[in-house]
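First the structure, in the form of C-alpha cells, and then the observations on it.
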Amino acid sequence: MTAAPATKLVARSRWWDGPALDLLTVAGAKGWLWERDHAGFAGHGVALRIPVALGVVSAVSAVSAGSVAAGAVAAAFEAIDVDDEVGVPGSGPVAMGAFPFYPGELSSLVVPSTVVGRTADGRCWVTTISTETPGTLDAASGLALEPQDPDGFELTSPVPHEEWMALVSRAVSEIDAGRFAKVVLAREVRVAANRPIHVPTVLRRLRSLYPACTTVSAPVPDGQFVAASPELLVSRVGDRVRSHPLAGTIPRSGDPDADKALADGLLASLKDRAEHAWVVRDVEATLAPWCSTLDVPATPSIVSLRNVSHLGTRIEGRLAGPAGPSALDLAAALHPTAAVGGTPRDAALAWLRANERLDRGPYAGPVGWVDSHGDGEWVVGIRSAVISEGTARLFAGVGVVEGSDPAAELAETQFKLQALLAAVVRP
C-alpha cells in the first residue's frame with residue numbers, strides 16, 4: 001500500500017444540491033466509471049493507490065482468514081477519517097479498479113480523490129478526500145474537449161482463424177482425454193485508427209447500445225479498460241448477496257418470432273444447459289459457506305441483449321453473520337468462475353496459460369468497487385476492450401466443451417465482438 005500521508009486524509013460525503021450530474025462526464029477519458037441505468041459512481045484523481053493481487057482462495061479458508069486483497073483495502077481505509085452525511089452504499093471512501101484475469105498478478109485499486117455517486121432516481125452526492133476543506137466540485141474536471149473522431153480503421157486478428165480453430169480442436173481433444181470438462185478460449189481483435197479513439201465517445205455509445213449492461217471504465221497499465229458487462233460476479237449490500245452468472249449464448253436476429261425460437265432452442269440445448277450448470281454449481285458452492293440462506297433457481301432464464309441472448313441464473317442470499325466477508329472477499333473467492341475460465345478451475349487455467357496465445361490483461365477479470373463498510377459490486381470484465389490513443393484491443397471468449405465445433409465457436413466470438421466493434425469502429 002502507498003505510504004500513509006503525514007496528515008490524515010478525510011473523506012467528506014455530501015448530497016449535491018445542483019442539477020443531476022452525468023457520471024460519464026465526471027469520469028472523463030481517464031477516470032473511473034461504474035454505471036447501470038444511469039446510477040452508479042464516477043471518480044477521478046488519486047487519494048490512495050493500493051497494490052494488491054487477487055489470489056485464489058477457497059471459500060472455507062476465506063471464511064476464517066479473508067482474502068489478502070480485501071485486507072489490504074481495509075487497511076487503506078483505516079488511513080482515512082470519514083465525515084459522511086449521505087450514508088448510502090458507496091458514500092465515504094470507495095476503492096475502484098479492474099483486476100487482471102489471472103489470479104496472483106499484481107494490480108492496484110485506487111481510492112479516487114473525488115467521487116460522484118448517483119442514485120436510481122437521479123439524486124447525486126459528492127465525496128472528496130483531502131487533508132483540507134474541499135473546494136467547489138467542477139463536474140467536468142475529468143472531461144477534455146471532444147476531439148475529431150477517427151474515420152479510418154484497420155482490423156486484424158493476431159491469431160488467424162484457422163490457427164484459432166485448431167486450438168479449439170486441441171482443447172476438445174484434451175476434454176476427451178479427461179484433462180478438464182470445459183475451458184473458455186478467448187480471441188483478440190486489434191483496431192488501429194487514423195486518430196486517437198475518444199474514450200468518452202465509446203462509453204456513450206456503449207451506454208446507448210447496451211442499457212441493461214454495466215458500463216465501466218478504468219485506467220490500466222496499457223490504456224483505458226472499457227466494457228459493457230452483462231454479468232454480475234457478485235454484489236453485497238449489508239447482509240444481502242447477489243450473483244448473476246451467464247453461460248450459453250446464441251445470436252439475436254432482430255425478428256421477435258425468430259428470436260423466440262432461438263431462445264427456446266437455447267433453453268432446450270443439453271450442451272448449453274450442462275455448461276451453464278457447471279457455472280451455477282461453482283457459484284453456489286463458493287457462496288454457501290458464508291450464507292444463512294441462498295436461493296438458486298433450478299432452471300436458468302433467458303437474458304436478452306441487443307445482439308445476443310444468454311442463459312442466466314439469478315442467485316440471491318443472506319450472509320450468516322454481522323462480520324461477514326466484504327464484496328471484495330466474495331469476488332476473490334468466486335473469480336474466475338467456470339463461465340470465463342473453465343472447470344476444474346486449476347486444470348483449465350493451466351492449459352490456457354500454456355496454449356491460449358493471448359495476453360488477457362483485465363479481460364474477463366473482476367471490475368468494480370468496494371466501500372469502507374464492505375459493500376460493493378463486481379462484474380465480469382467481458383464485452384470489453386483496452387483503448388490506448390489510436391489503438392484498441394477487443395476481446396471475446398467461448399466455452400469449449402465435449403463436442404464443440406471449431407467453426408461454430410469462431411462464429412460465436414465474432415458476434416460477441418460486435419458489442420465493442422459497434423462502439424469503437426464508426427467509419
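Residue by residue, here is whether (1) farther than 26 Å from L23 by Cβ; (2) of a type outside the set (D, E, K, R); (3) crowded, with 21+ Cβ neighbours inside 10 Å; (4) touching a His at 6+ places or on another chain (Cβ under 9 Å) holds:
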{"residue": "A181", "(1), (2), (3), (4)": "yes, yes, no, no"}
{"residue": "R190", "(1), (2), (3), (4)": "yes, no, no, no"}
{"residue": "H198", "(1), (2), (3), (4)": "no, yes, no, no"}
{"residue": "S208", "(1), (2), (3), (4)": "no, yes, no, no"}
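From the list V303, V296, which one is out of contact with any His (no Cβ under 6 Å at 6 or more places or on another chain) and among the hydrophobic types (A, V, I, L, M, F, W, C)?
After applying the criteria, what remains is V296.
Could you look through segment 94-123, keep only residues that are charged (D, E, K, R) and modelled with pLDDT of 90 or more, and pick out the one that is nearest to V380 (Cα to Cα)?
Looking at the filtered set, the residue picked out is R118.
Does S173 count as without any contact (Cβ under 8 Å) to a residue 60 or more places away in the chain, in a helix (DSSP H, G or I), within 25 Å of L358 (Cα to Cα) and more than 22 Å from the chain's Cα centre (by Cα)? Even if it seems obvious, please write down each step before you answer.
Values: without any contact (Cβ under 8 Å) to a residue 60 or more places away in the chain: yes; in a helix (DSSP H, G or I): yes; within 25 Å of L358 (Cα to Cα): yes; more than 22 Å from the chain's Cα centre (by Cα): yes.
Against the criterion (without any contact (Cβ under 8 Å) to a residue 60 or more places away in the chain, in a helix (DSSP H, G or I), within 25 Å of L358 (Cα to Cα) and more than 22 Å from the chain's Cα centre (by Cα)), S173 qualifies.
Take D151 and decide whether it is assigned to a loop (DSSP other than H, G, I, E, B), acidic (D, E) and modelled with pLDDT of 90 or more. Spell out how you get there, then give the answer.
Details: assigned to a loop (DSSP other than H, G, I, E, B): yes; acidic (D, E): yes; modelled with pLDDT of 90 or more: yes.
Yes.
Kindly check whether there is at least one residue in segment 384-392 that is within 16 Å of the chain's Cα centre (by Cα), modelled with pLDDT under 95 and within 21 Å of T215 (Cβ to Cβ).
Checked against the condition, which is being within 16 Å of the chain's Cα centre (by Cα), modelled with pLDDT under 95 and within 21 Å of T215 (Cβ to Cβ), segment 384-392 yields no hits at all.
Could you tell me whether S253 is touching a helix residue (DSSP H, G or I) at 6+ places or on another chain (Cβ under 9 Å), at pLDDT below 95 and not in a helix (DSSP H, G or I)?
Yes.
Filter segment 299-334 for residues that are under 14 Å from G376 (Cα atoms), at pLDDT 90 or above and assigned to a loop (DSSP other than H, G, I, E, B) and give the result.
Once the filter is applied, which keeps residues that are under 14 Å from G376 (Cα atoms), at pLDDT 90 or above and assigned to a loop (DSSP other than H, G, I, E, B), segment 299-334 yields P325, S326.
Consider V280 carefully, then state whether it is surrounded by 18 or more Cβ atoms within 10 Å (Cβ to Cβ) and free of Cβ contacts under 8 Å to residues at least 60 places away in the same chain.
For V280, the condition - surrounded by 18 or more Cβ atoms within 10 Å (Cβ to Cβ) and free of Cβ contacts under 8 Å to residues at least 60 places away in the same chain - is met.
Does at least one position in segment 227-246 carry a residue that is within 19 Å of G28 (Cα to Cα), touching a residue at least 40 places away in the same chain (Cβ under 8 Å) and either assigned to a helix (DSSP H, G or I) or among the hydrophobic types (A, V, I, L, M, F, W, C) (or both)?
Within segment 227-246, one or more residues are within 19 Å of G28 (Cα to Cα), touching a residue at least 40 places away in the same chain (Cβ under 8 Å) and either assigned to a helix (DSSP H, G or I) or among the hydrophobic types (A, V, I, L, M, F, W, C) (or both).
The values are calculated or read from the model by the stated rules, or taken from the named source; none is laboratory data. Predicted, not measured: the structure shown is a model, and the values here were computed from it. Glycine also receives a Cβ, built like all others from the backbone with ideal geometry; neighbour counts cover every protein chain displayed.
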